[in-house]
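Since the structure comes first, as structure tokens, the remarks are kept for the end.
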Amino acid sequence: MTDVVDIKDLQVTFATDAGPVRAVDGVSLAVRQGEVLAVVGESGSGKTVTARTILGLLPETAAIKGAVVLSSKDGTTEGDIVTMSGSRLRQVRGRDAAMVFQEPSTALNPVFPVGWQIAEGLRAHGRYSRSQMRAKVIDVMRRVGIPDPETRIDHYPHQFSGGQKQRIVIAQALVLDPGVIVADEPTTALDVTVQAEILDLLRRCRDEFGAAVVLITHNMGVVADLADRVAVMYQGKLVEQADVKTLFSSPQEPYTQQLLAAVPRIGEGLERAHERASRRPEGWDEQTPAVRAKDLRIVYPGRFRQPDFVAVGGVDLSIKPGEVLGLVGESGSGKTTIGRAMAGLTKVSGGSLNVLGVEMNGMREREFKPIRRRIGFVFQDPATSFNPLLTIAQCVAEPLIVHGRAGDEREARVRVNELLEAVQLPTSFGDRFPHELSGGQRQRASLARSLALDPELLIADEPTSALDVSVQAKVLDLFDELHRELGFAALFISHDLAVVDMLADRIVVLHHGKVVEEGTGDEVLGSPQQPYTQRLLASLPVPDPVAQAERRATWEALRAADAEA
């Protein structure tokens, strides 16, 4: 097989106010025709910068040395992206190499129909009549799995789900039949069932379209499921490169071994659960639950003659003091809605939800305000939950000032420093702004803010979904350590079953707003009884290529059975 991309001694340096920063340091990589190359490493390792050079997408502040030779799919032309002119770059983008961006919501223009956006590449690289262009767009939408493409071609991005938007972005990349597709974290924000479908689609990009795929990811399960070869990067350097089976079975470099060891695996949480159970006092089972839901219903009223949407339809669950309840399910199952209802952020429509002794159905804000200080909330994306104009210390101090524990920021600073140290952040980081911290550091600061008032109940909504495996492992260990010290009850919402298994005492599985299975991690994940839980478990990629091939076969069989039913 010929190489469609050949990167030779690539060096990328960014000019910053603090001086030059070397992001990529002497990387040499080749991508063969029809192969999936996964580039892995923690945040800041240089993997995305390396991949973006293939399309010449780095900013003007980047100084590039070395060569990035890109060949056309038929092998008739090639050129060095580093020295290419702007007009020549426009010719090869989309035709020879295409990009699938991490967040489809920001990659798609909200004011144009998706069909118009997919056709942009056709307009730029050829001459087609309107009917020819429409036929080509409908064909590629059908091939990436968009149902009823003849109608949906005229719909706007907001009318598609997260997984469908990711398919639209992949259709944009495929419409010109490029030789290589660069996929930058294409499944990060997706739940496990949708992720499995997108991975299946990327596999078809290789098998049916004949495209090579450069996959940028921190999910080692995704690598085991999809990649043919793996390149491991650390601090801008390429530290190891091998075929996928060799890398997982016998990694050579200490960093690769550490990266694989940090990946959570289902079954590892049993020992932690026994340890937590051994620390509980006598009579713990008879304590009044911190949270108790009975036939809980949450309905969003329809607008513009649309019917009401039942987000949560008759849920029973409870959380005892000091217990961690894991809430899992795919997008739209009602996980976040239940968490927000417990925090008083979403109204309860029916049934009963008792939180720390207050009934939330018909609750008045005046009654709930004293309770709110006893609840902590860790949001999914700390970058958007922090005020960008405030320093980290000001953000963490905010609940202390609002609830009268401190008069001003200066008075709160002692407590803020204690909290930052508790989440293993230097106190000097309090004077930085949110954008000056990495994703993992922001999530720790978010955890510090949620603990500021010593809550009795902590609600964590997907707190590790956007973190790489090494940072995720540190945040999970920190959560476990803080729970051991402070003993709060917790609702841990996640679509990653392995993460929930590590932390939760009990797991509740939601599907379309209803509980389908409940029990300990060993019961729910070790021997699931319900078909939905079995399908959810089979969708989760595991960091072992051999085991993952078996799980994929199981998932495909379950999906086929569902389709027949």
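Every condition in (1) outside any loop (DSSP other than H, G, I, E, B); (2) crowded, with 21+ Cβ neighbours inside 10 Å holds for Val516 except the one numbered (2). For Lys294, which of the numbered conditions (1) touching a residue at least 24 places away in the same chain (Cβ under 8 Å); (2) over 26 Å from the mean Cα position of the chain (by Cα); (3) part of a helix (DSSP H, G or I) fails to hold? Of the numbered conditions (1) touching a residue at least 24 places away in the same chain (Cβ under 8 Å); (2) over 26 Å from the mean Cα position of the chain (by Cα); (3) part of a helix (DSSP H, G or I), the odd one out for Lys294 is (3). Just checking, which of Leu37, Leu89, Leu57 is within 26 Å of the chain's Cα centre (by Cα) and either farther than 30 Å from Glu253 by Cα or basic (Lys, Arg) (or both)? Just a single option satisfies the conditions, and that option is Leu57. When you scan region 458-469, do you find a residue that is more than 22 Å from Leu356 (Cβ to Cβ), crowded, with 16+ Cβ neighbours inside 10 Å and not assigned by TED's automatic domain parsing to the domain that holds Arg279, even just one? No, every residue in region 458-469 fails to be more than 22 Å from Leu356 (Cβ to Cβ), crowded, with 16+ Cβ neighbours inside 10 Å and not assigned by TED's automatic domain parsing to the domain that holds Arg279. The single condition among (1) assigned to a loop (DSSP other than H, G, I, E, B); (2) modelled with pLDDT of 90 or more that Met99 does not meet is (1).
Within region 522-565, restricting attention to residues that are assigned to a helix (DSSP H, G or I) and among the hydroxyl-bearing types (Ser, Thr, Tyr), the residue that is nearest to Thr193 (Cα to Cα) is Ser539.
Checked against (1) touching a strand residue (DSSP E or B) at 6+ places or on another chain (Cβ under 9 Å); (2) crowded, with 23+ Cβ neighbours inside 10 Å, Thr187 passes all but condition (1). Pairing residues of region 224-240 that are within 21 Å of Arg265 (Cβ to Cβ) with residues that are polar (S, T, N, Q) and assigned to a strand (DSSP E or B), at Cβ distances under 8 Å and at least 6 apart in sequence or on separate chains, gives Val230/Gln241; Val232/Gln241.
If you check Arg142, Arg127, Arg134, Arg123 for being surrounded by fewer than 19 Cβ atoms within 10 Å (Cβ to Cβ), of a type in the set (Lys, Arg) and under 15 Å from Arg93 (Cα atoms), only one passes: Arg123. Val310 - would you say it is in contact with a strand residue (DSSP E or B) (Cβ under 7 Å, 6 or more places away or on another chain), at pLDDT 90 or above, surrounded by 15 or more Cβ atoms within 10 Å (Cβ to Cβ) and of a type in the set (Val, Ile, Thr)? No, not satisfied. Residues in region 378-402 that are touching an Asp or Glu at 6+ places or on another chain (Cβ under 8 Å) and among the aliphatic types (A, V, I, L, M): Val378, Leu390, Ile392, Ala393, Ala397, Ile401.
The values are calculated or read from the model by the stated rules, or taken from the named source; none is laboratory data. For clarity, every value in this text was computed on a predicted model and none was experimentally measured. Heads up, the Cβs are rebuilt from the backbone with ideal geometry, glycines too, and the neighbour counts pull from every protein chain shown.
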